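**Student:** Here it is, the structure, as structure tokens.
The values are calculated or read from the model by the stated rules, or taken from the named source; none is laboratory data. For clarity, every value in this text was computed on a predicted model and none was experimentally measured. Every residue, glycine as well, gets a Cβ built from its backbone with ideal geometry; the counts of neighbours run over all protein chains shown. Just so you know, the surface numbers come from the protein's heavy atoms only, side chains and all, with ligands and any DNA or RNA stripped out. Shrake-Rupley method; radii C 1.70, N 1.55, O 1.52, S 1.80 Å.
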Amino acid sequence: MQTIYHAADSRGDADHGWLKSRHTFSFANYHNPARMGFGALRVINDDFVIGGQGFGRHSHRDMEIISIPLSGKLGHGDNIGNEGIIETGEIQVMSAGTGITHSEMNGDANEPVKFLQIWVIPNKMNVTPRYQQLRMDDILQPNEFNQVLSPNADDAGVWIHQNAWFSIGDFDKGVTQTYDLKDLNNGVYIFVISGQVVVNGNTLDTRDGLGVWDTKSFTMDVAEDAKVLVMEVPMSF
């Protein structure tokens, strides 16, 4: 097993007043040649947007873009006819493909919204742009790695154009849980949303990340109640 550890306070930092963002990997004005991604996982942005503000219309292409609100509401609009609110407890994905224009605004005039935006490099270029949004409550079991994203439209959660699986879970202190990789050519990036866990001797606190590869599985010991996001992606693509 090989690992790479990223402490929460080692991330890139952006403060635009209305937007505060931490970048696990190089993004916008934060450039670190050693932090260009993890396999096909290209971006993990930890965003905080004040009430009534947000990202106006802008374009993407050939990228799988996943948004997970952690608190508050995220307003979405795009040029392929989708308009609405993504609430805490939901997951949203866009396949940008040949090109999509969208906006991401705080869905509340007063309360801030906190959300993760994650980019995965696709295995198919120039696809027809698509949008999907799903409430995760029905598939979340406590103390389990619950799959919320996969390459398969018929599987649990949303799907993307990549051999990738995301799982999320709320874990109680004292629990030990093992994650088995779906594809042994993949690696896993473990992102602690809150709490504290230990993986392969590495203690991970809130917003720490750990990349793991060249292994069939990893075991996680929960030191404090924790919410954990696991992103399994190809290491070569």
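**Student:** Can you figure out the FRET efficiency of Asn110 with Ala7, using R₀ = 45 Å and their beta-carbon distance, to the nearest 0.05?
**Tutor:** Values: r = 33 Å, r/R0 = 0.73.
That pair, Asn110 with Ala7, gives E of 0.85.
**Student:** Over all alpha-carbon pairs of the stretch 9-59, lay out the pair-distance distribution in 5 Å bins, whole %, shortest bin first.
**Tutor:** Computed distribution, short to long bins: 5, 20, 26, 24, 16, 8, 2, 0.
**Student:** With label points built 7 Å along Cα→Cβ from the Cα atoms of Thr203 and Ser103, find their separation and express it in nm.
**Tutor:** The answer from the label model is 4.6 nm.
**Student:** Something else about it: Looking at the square roots a ≥ b ≥ c of the eigenvalues of the Cα gyration tensor of the stretch 69-173, which shape do they give, rounded for a/c under 1.5, prolate if a/b is larger than b/c, or oblate?
**Tutor:** Values: a/c = 2.20, a/b = 1.09, b/c = 2.02.
Oblate, because a/c is 1.5 or more while a/b does not exceed b/c.
**Student:** Which lysines, on any chain, are close to Lys173 with Cα under 28 Å apart, when same-chain ones fewer than 8 places away are left out?
**Tutor:** Lys114, Lys182, Lys216, Lys227
**Student:** How large, in percent, is the carbon and sulfur part of the accessible surface of the stretch 19-156 at a probe radius of 1.4 Å? Numbers along the way, then the final one.
**Tutor:** Numbers: 2830 of 5960 Å².
So the carbon and sulfur contribution to the accessible surface is 48 percent.
**Student:** What translational diffusion coefficient, in µm²/s and rounded to a whole number, does the Stokes-Einstein relation yield for the chain at 25 °C and a viscosity of 0.890 mPa s, taking the hydrodynamic radius as the Kirkwood radius over Cα pairs? It would help to have the intermediate numbers written out before the result.
**Tutor:** Working: Rh = 17.9 Å.
Rounded, D is 137 µm²/s.
**Student:** Also, quick follow-up: Run the numbers for Asp62 and Thr88: contour at 0.36 nm per residue of separation, minus the present Cα-Cα distance, in nm.
**Tutor:** Values: separation 26, 0.36 × 26 = 9.36 nm, distance 2.64 nm.
Full extension from Asp62 to Thr88 adds 6.7 nm.
**Student:** What is the magnitude of the charge dipole of the chain about its Cα centre, with +1 placed on the Cβ of each Lys and Arg, -1 on the Cβ of each Asp and Glu, and no other charges, expressed in debye to the nearest 20? Please report the intermediate quantities before stating the final value.
**Tutor:** Values: 17 positive and 30 negative charges, 148 e Å.
Value, rounded to 20: 700 debye.
**Student:** Taking the Cα-to-Cβ direction at Lys20 and at Thr176 and moving 7 Å from each Cα, how far apart do the two end points lie in nm?
**Tutor:** 3.8
**Student:** Further question: Around Phe25, which amide H atoms from residues at least 5 apart in sequence, or from another chain, sit under 5 Å from its own amide H, with H modelled in the peptide plane?
**Tutor:** So Phe25 has HN proximity to Ile44.
**Student:** Please compute the length gained on full extension between Asp183 and Thr219, using 0.36 nm multiplied by the number of residues separating them and subtracting their Cα-Cα distance. Don't skip to the end; give the middle numbers.
**Tutor:** Values: separation 36, 0.36 × 36 = 12.96 nm, distance 1.66 nm.
Gain on stretching Asp183 to Thr219: 11.3 nm.
**Student:** Springs between alpha-carbon pairs under 10 angstrom, Gaussian network model over the chain: which of Asp155, Asp208, Asp138 fluctuates most?
**Tutor:** Asp138
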